[in-house]
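Peer 1: Below you will find the structure I want to go over with you.
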Amino acid sequence: MLRKIKIDWAGLARIQPLEHPFPPPERIFPGIDEIDPQRFPDFLDEIGLVGMGGGGFPASQKLRAAAGAHTLVVNGIECEPGLTIDQSVLLHESLWVAAGAVAAAKAVGATRMVLAVKKDSTLLAELALRYGEFEIVAFSDRYPAGAEKLILEKLEGRRPPPGVRPYQLGYLVQNAVSLRAIGRALIDGIPVVERPLTLAMPSAGFHRNIIVPVGIEIRQVLEAYRLPYDPCIHFLAASGLMMGHEADPETAVEKTTLALLVLPRDAAWREERPCIRCGACNTACPLGLHPYALVERIRKGRTGGDPFRMQMTECFLCGVCSAVCPSDIPLVQQLERGKQCL
Amino acid sequence: MPMNAPFLRSGPRAASMAAWTLCALLVPCTAYSAIYHSPFVFKLLGYALAGSFAETLFALAVQRRRKLVCSGSALTAALLAASAPPATPFLPMLFAILVAVWGARLPWRGAALRFNAAMAGRFFLMLAYPAAVVAWGTAAPDTISTATPQELYRTDGFMLDWHTVLFGRVGGSWEGLYTLVPGSPGETWPLATLLLGGLLCRAGIVPWRTPLAFLLSFGIATACLGNNPLFNLFSAATVFTAVFIVTDPVSTPMGKGGQVAFGIVVGAANALIRNYTYYTEAVVYAVLLGNLLAPWLDHAAFALRGRQLGRRRPEQ
Ligand code: SF4
Ligand code: SF4
């Protein structure tokens, strides 16, 4: 019996507080006096910043590549459906986010700052109070609106070519949580030792945004809220419903852990059946690709040819095709393999 | 066994899709049975069971797998039964179902070229038992009975009242000469069928592009050939085909563009065949022709998308 994982979307529209269940970290970092484009990336390395939107790419490299960009985009659109952590951070820690954004913009020389958030009138009104110096752009709240590619499409008016990174078009897209970390280091002298994340257990109606120390065992986080986690009926998904992975409670919270979700095992169980060629994957793909045709080629090893390579480059492994497939074919896992054939 | 992302799912599951379509098909058939006091709907269920059982046997013999409920094959059999005259004898129908399930549906699984199994069975029925396919209704003298008023329209320019066409209550007599009896059960209630099709689209069980393209292209082609498009749309198997036949996932293209192209080709072919030949079952040929084109359409759509993406790449 298959059941869908229920998400209380209505409840998520509420603006939630940000909780601190664990003691705050100590100040260990001296801070900097002036933002120097040459030295700023090194500063990011020193505080240990990686892309906190889930990418995990060292932020210093991204900043160096983006030197000379004209626009800084603060990505405050949740990367995954059902999470509210980006918007919580934007609302409750706006000082840090804004400081981080201004610093990053200075370092690359960007003159325009855009705040990308999801379309929600209460949220927009609140943000307008806090981010006066930013240009606020509202995006659809349907997954995967938070992908860099789709943000650029809206800002540029057309979709960027396959394989082109935002910095090649003069944009630096940074996640709100990454910018918060920069601001935290600048203002408080605290390196990246905290991770804001969404902790949720939909079956128990539990959904909180919390700040936890990086490196803490996941088990401790669950215990702090006394979540009724039972490994026989539940499993732990780290980082989200669409692009996340199953995590072991004994492992530690990483810098890229967007969320910890306790989900019922039977609801996520998938058994692959033959493709019925319904085309749901094609219709659902936000980039208009042909996922099953790609997967067929990957499975048969026919990975040459321009149409294949172009589409494979364009795909950003959002997982929408897998989610809608009525036959539960693990399309996105195959596409990941296909990425390696490029 | 680790769980694989995405953990979220949306839309219907494959097993229930065919079952829901079958339920939708049962609605007009039950109405037909109730109004014309015919045991047709029970026959239909029996045929559906036979189709399902045929797949069970196939799974046991070929795949060495036990599979009890096979809604896909049940749907194939039911569609076949609903598009044929209700009076088709049992044996020809059974053979047609076996041909459809064992010949057209199961062995081709996973292949790119697939034929619509119900239409393949229908084709077999037309070749092997031409007499059975046109045996609409009773054999009383002076009775004209066709699947729908379509043939009368062709030969005599005959037209029924709108409400009879729309609501499927075909009956009574024509010019005091001919008794009219209702025909093929699946095709009798165009309006209700259209409504059910809309519901199925909303539930995400059938795509909407294929049927819409089919209906539009058929309507326009018919109008261009000088026939009354509305009458043709609402009579004969047109709506039935749009909702139940061209939406069959396995034998139609997967991409959006491919689906539209498929609908256009089948609709236009249907109108042309109907106008220029004496085959009354134009739909069967049109759909099988479309099925032949489907893999090619898919391939073309894939290459086209790749080309579009390539063109966006800046020349450096
Ligand atoms: S993962 Fe699937 S839906 Fe997402 S971009 Fe790639 S092909 Fe499209
Ligand atoms: S959604 Fe799944 S079953 Fe449908 S065409 Fe795509 S891969 Fe095949």
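Peer 1: Name the residue, out of B:88, B:56, that is over 30 Å from residue A:322 (Cα atoms), out of contact with any strand residue (DSSP E or B) (no Cβ under 8 Å at 6 or more places or on another chain), more than 14 Å from chain A (Cβ to nearest Cβ) and β-branched (Val, Ile, Thr).
Peer 2: The conditions single out B:88.
Peer 1: Let me ask you something else. How many of the residues in the range A:313-323 are crowded, with 22+ Cβ neighbours inside 10 Å and more than 8 Å from ligand 1 (Cβ to nearest atom)?
Peer 2: Number of matching residues: 1.
Peer 1: Residue A:243 passes all but one of (1) over 20 Å from the mean Cα position of the chain (by Cα); (2) surrounded by fewer than 21 Cβ atoms within 10 Å (Cβ to Cβ); (3) of a type in the set (A, V, I, L, M); (4) within 14 Å of chain B (Cβ to nearest Cβ); which number fails?
Peer 2: So the condition that residue A:243 fails would be (1).
Peer 1: So which of A:287, A:294 ends up being more than 8 Å from every other protein chain (Cβ to nearest Cβ) and at pLDDT 90 or above?
Peer 2: A:294
Peer 1: Another one. Looking at the range B:206-316, what helices (runs of 4 or more DSSP H) fall wholly within it and have at least 2 residues that are more than 16 Å from ligand 1 (Cβ to nearest atom) and closer than 25 Å to residue A:285 by Cα?
Peer 2: B:209-224, B:256-276, B:282-312
Peer 1: Any residue that is small (Gly, Ala, Ser) and surrounded by fewer than 21 Cβ atoms within 10 Å (Cβ to Cβ) - is there at least one of those in the range A:302-310?
Peer 2: yes
Peer 1: Taking the criterion of being among the aliphatic types (A, V, I, L, M) and within 16 Å of ligand 1 (Cβ to nearest atom), would at least one residue in the range A:220-234 satisfy it?
Peer 2: So far as the range A:220-234 goes, no, none of its residues is among the aliphatic types (A, V, I, L, M) and within 16 Å of ligand 1 (Cβ to nearest atom).
Peer 1: Then there is this: Looking for something under 28 Å from residue B:302 (Cβ atoms), more than 14 Å from every other protein chain (Cβ to nearest Cβ), of a type in the set (Ser, Thr, Tyr) and more than 16 Å from ligand 2 (Cβ to nearest atom) - is there at least one such residue anywhere in the range B:266-281?
Peer 2: No, the range B:266-281 contains no residue that is under 28 Å from residue B:302 (Cβ atoms), more than 14 Å from every other protein chain (Cβ to nearest Cβ), of a type in the set (Ser, Thr, Tyr) and more than 16 Å from ligand 2 (Cβ to nearest atom).
Peer 1: Give the residues of the range A:248-272 that are among the aliphatic types (A, V, I, L, M) and more than 10 Å from chain B (Cβ to nearest Cβ), sorted by residue number.
Peer 2: A:252, A:253, A:258, A:259, A:260, A:262
Peer 1: Still on this structure: Filter the range A:323-340 down to residues that are part of a loop (DSSP other than H, G, I, E, B) and facing another protein chain (nearest Cβ under 7 Å) and give me whichever is farthest from ligand 2 (Cβ to nearest atom).
Peer 2: Here the residue is A:330.
Peer 1: Can you find even one residue in the range A:263-277 that is in a helix (DSSP H, G or I), in contact (Cβ under 8 Å) with a residue 12 or more places away in the chain, more than 16 Å from ligand 2 (Cβ to nearest atom) and buried (at least 16 other Cβ atoms within 10 Å of the Cβ)?
Peer 2: Yes, there is a match, as at least one residue in the range A:263-277 is in a helix (DSSP H, G or I), in contact (Cβ under 8 Å) with a residue 12 or more places away in the chain, more than 16 Å from ligand 2 (Cβ to nearest atom) and buried (at least 16 other Cβ atoms within 10 Å of the Cβ).
Peer 1: Here is a further query. Specify which of the listed residues (A:255, A:339) is more than 10 Å from ligand 1 (Cβ to nearest atom) and either within 27 Å of the chain's Cα centre (by Cα) or free of Cβ contacts under 8 Å to residues at least 60 places away in the same chain (or both).
Peer 2: A:255
Peer 1: List every residue pair whose Cβ atoms sit under 8 Å apart, with the two residues 6 or more apart in sequence or on different chains, where the first one lies in the range A:213-236 and is under 14 Å from residue A:261 (Cβ atoms) and the second, anywhere, is of a type in the set (Val, Ile, Thr) and in a loop (DSSP other than H, G, I, E, B).
Peer 2: If the second residue must be of a type in the set (Val, Ile, Thr) and in a loop (DSSP other than H, G, I, E, B), the pairs left are A:218/A:251; A:218/A:253; A:221/A:253.
Peer 1: Among the residues of the range A:313-322, which ones are within 24 Å of residue A:166 (Cβ to Cβ) and near ligand 2 (Cβ under 10 Å from one of its atoms)?
Peer 2: A:321
Peer 1: Got at least one residue in the range A:201-209 being free of Cβ contacts under 8 Å to residues at least 60 places away in the same chain and touching a strand residue (DSSP E or B) at 6+ places or on another chain (Cβ under 7 Å)?
Peer 2: Yes, the range A:201-209 contains a residue that is free of Cβ contacts under 8 Å to residues at least 60 places away in the same chain and touching a strand residue (DSSP E or B) at 6+ places or on another chain (Cβ under 7 Å).
Peer 1: Go through A:24, A:81 for me and flag whichever is more than 23 Å from residue A:146 (Cα to Cα) and at pLDDT below 85.
Peer 2: Going through A:24, A:81 in turn, the sole match is A:24.
Peer 1: Now for a separate question. In the range A:285-312, which residue that is within 11 Å of ligand 1 (Cβ to nearest atom) and either in contact with a strand residue (DSSP E or B) (Cβ under 6 Å, 6 or more places away or on another chain) or not in a helix (DSSP H, G or I) (or both) is farthest from residue A:160 (Cα to Cα)?
Peer 2: A:290
Peer 1: Being over 19 Å from the mean Cα position of the chain (by Cα), more than 14 Å from chain B (Cβ to nearest Cβ) and modelled with pLDDT of 85 or more is the requirement here; does residue A:169 meet it?
Peer 2: No: the conditions fail for residue A:169.
Peer 1: Identify the single condition in (1) at pLDDT 80 or above; (2) not assigned by TED's automatic domain parsing to the domain that holds residue A:127 that residue A:59 does not satisfy, given that it satisfies every other one.
Peer 2: Among (1) at pLDDT 80 or above; (2) not assigned by TED's automatic domain parsing to the domain that holds residue A:127, residue A:59 violates only (2).
The rows are residues; the columns are (1) modelled with pLDDT of 90 or more; (2) part of a loop (DSSP other than H, G, I, E, B).
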| position | (1), (2) |
| --- | --- |
| A:174 | yes, no |
| A:177 | yes, no |
| A:180 | yes, no |
| A:191 | no, yes |
| A:196 | yes, no |
| A:199 | yes, no |
| A:203 | no, no |
| A:211 | yes, no |
| A:222 | yes, no |
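Peer 1: Restricting attention to the range A:293-312, which residues are β-branched (Val, Ile, Thr) and within 15 Å of ligand 2 (Cβ to nearest atom)?
Peer 2: Hits for the range A:293-312 are A:295, A:298.
The values are calculated or read from the model by the stated rules, or taken from the named source; none is laboratory data. Keep in mind that this is a model prediction, so the values were computed, not measured. All Cβ positions, even for glycine, are placed from backbone atoms using ideal geometry, and neighbour counts span all protein chains on display.
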